[in-house]
Each structure stands twice: as structure tokens, then as C-alpha cells.
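Please treat every number below as a calculation from the coordinates, not as lab data. Remember, it's a predicted structure, so these values are computed and weren't measured experimentally. Note that each Cβ is placed from the backbone with ideal geometry, even for glycine, and that neighbours are counted across all protein chains shown.
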Amino acid sequence: ASNGTRCLWMGGRTSVPGPDTGCEYVTISSTGNGTDFGDLVSPLAGGYASATSDGTRGYCLGGQPDSVDIQYFTFTSTGNGTDFGDMTEARSGQDSASYGSRGIVAGNQANTSSPAIDYFTMGTSGNASSFGNLSSGRGYLGCLSDEHGRAVWAGGGDAPNSPFSDTMEYVNMMAEMNAQDFGNLGSGARGQMDGNGAHNATRGLWMGGRDGPNSTNDIQ
């Protein structure tokens, strides 16, 4: 998550012991190594978590072990995470976006049959609420957003738990609704898409993923 000056990474997954609670940051305008920021706090450890930001706080959602937890960090002050509230269901392998004061999250490798989309109001504290549904439940999908409040999810799946998908679908983040068809990924079905997108006000990029047993270096 980022406030435009600092970029913050929260958690992660190592083979032993994993998942991880450590968080670190860089100053985007200056090349250099990461600096310790603090730690995620119990019960959230950040394997396959997701993040979003309102420019003041960076939010970390879910992760393995599958968790309902939302916690936040204030970009300008290093320190450990603070509990914010809970999502409507335990998630891992999801992806998140934001617009204004609203954060939004969808996807769930912990429960691949669940298409649920949640939203929460950043800058306060409290639990997430139901927003609507994706066209199908899947995990490890990616999410991008634009300056007009549209969020787009793409790909997902981790066979054999759930099939890989080339679906792209969108919502207007300020209007509770079910996701609508956007189109399809240009290079086929992709899994492991969570966290591998980037965007500016108009263009989004998907980078890498899996096309089955193999990783890919596709950028589209």
C-alpha cells in the first residue's frame, strides 16, 4: 500500500516458519533497501493477505492462516498494526482496492465457492459490510482501480482447488452492486494474480501469474 511517498509491504510468506508478520517500507523517490516499519499483530499473519490505502493509512486484510481481520498502519509513523475490524468472512488469496474513503475486497482461496465482495469505510474503525458478488467464487485473483471509482478483478483460481479463469469484471465502488462483465484477459486463464497489478488513473497492468503448472512473464 502507498501514500505516494512511502510504499509499505505488510506480511508475506516464507517456507519456514511462515506466514510472516514483518512490515517494511521504502521512500518511492529514492532507490535503496527496505526499512523496518513494524509488525502485523495477532491474529493476523500476512501470507496471501491484501492491502489498500486512503493515503493516510495502509490497510492489511485477511491472509493465512485464513482470517477475517483488518488492521492498519499510519504511513508517517512507524509502528505495529492496529486492529480496525473484521471482514464478513475469513479470507486468503483475495485482492483489494479503494476509492476515496471506501475500501473494497473480493476473492477467497480459503473458500473458493464464495463470490462475496465486502466494503469498509477507511479512516474510522469497524467491521466490513456486504457489497455484492463476483460472477463466481475464486481465489488468487487480481484487482485494479481508477480515479473514477471503478474496480476491476481479473483471473484467479488455483487448480485443482478452483479452475484458472480469464474473467475480468468490474464494480462501481460507491454503489453496492454485483460485478459486471468487463472482458477477458488477453493471454488466457491465469492464476496467482493477487498483488501483481499496477495502475495509474487510466491504464492497468497485469504482470505474471500462472497458466497452469508454469509461471509466466506476461505483461498485459
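So if I place +1 on the C-beta of Lys and Arg and -1 on the C-beta of Asp and Glu, and nothing else carries charge, what would the dipole magnitude of the stretch 29-108 be about its Cα centre? I want it in debye, nearest 20.
220 debye
Please report how far the C-alpha centroid of the stretch 75-147 lies from that of the stretch 157-207, rounded to the nearest whole angstrom.
Spelled out, the Cα-based centre of one part sits 15 Å from the other.
Starting from the Cα-Cα distance between Asp218 and Ser130, subtract it from 0.36 nm times their residue separation and give me the gain in nm to one decimal.
Between Asp218 and Ser130, full extension yields 28.3 nm more.
Starting from the 7 Å offset along Cα-to-Cβ, what nm value, one decimal, do you get for the label separation of Ser15 and Thr31?
Going from the Ser15 label point to the Thr31 one covers 3.1 nm.
With all pairs of different alpha carbon atoms counted, what Kirkwood hydrodynamic radius in Å does the stretch 153-192 show?
Evaluated on the stretch 153-192, it is 10.8 Å.
Using the Kirkwood radius built from alpha carbon pairs, what does the Stokes-Einstein equation give as D for the stretch 50-116 at 37 °C and 0.692 mPa s, in µm² per second?
Reported coefficient: 270 µm²/s.
For a quick check, take a GNM of the chain with Cα springs below 10 Å and name the residue from Gly11, Gly107, Gly38 with the largest mean-square fluctuation.
The residue with the greatest mean-square fluctuation here is Gly38.
Relative to the compact globular guide of 2.2 N^0.38 Å, what is the alpha carbon radius of gyration of the stretch 169-209, as a ratio?
Here the Cα radius of gyration is 1.32 times the empirical estimate.
What is the spin-label model distance, in nm, from Asn200 to Asn178 if the labels are put 7 Å beyond Cα along the C-beta direction?
Rounded to a tenth, the inter-label distance reads 3.6 nm.
Across the stretch 116-220, how large is the tail of the calculated P(r) beyond 17 Å, expressed as a percent of all Cα pairs?
53 percent
Stokes-Einstein diffusion coefficient for the chain at 20 °C in a medium of 1.002 mPa s, Rh from the Kirkwood formula over Cα pairs: what value in µm²/s?
126 µm²/s
About the Cα centre, and with charges only on the beta carbon of Lys, Arg (+1) and Asp, Glu (-1), how big is the dipole of the chain? Nearest 20 debye, please.
260 debye
When the convex hull of the C-alpha atoms of the stretch 86-177 is computed, what volume per residue in Å³ does it have?
75 Å³
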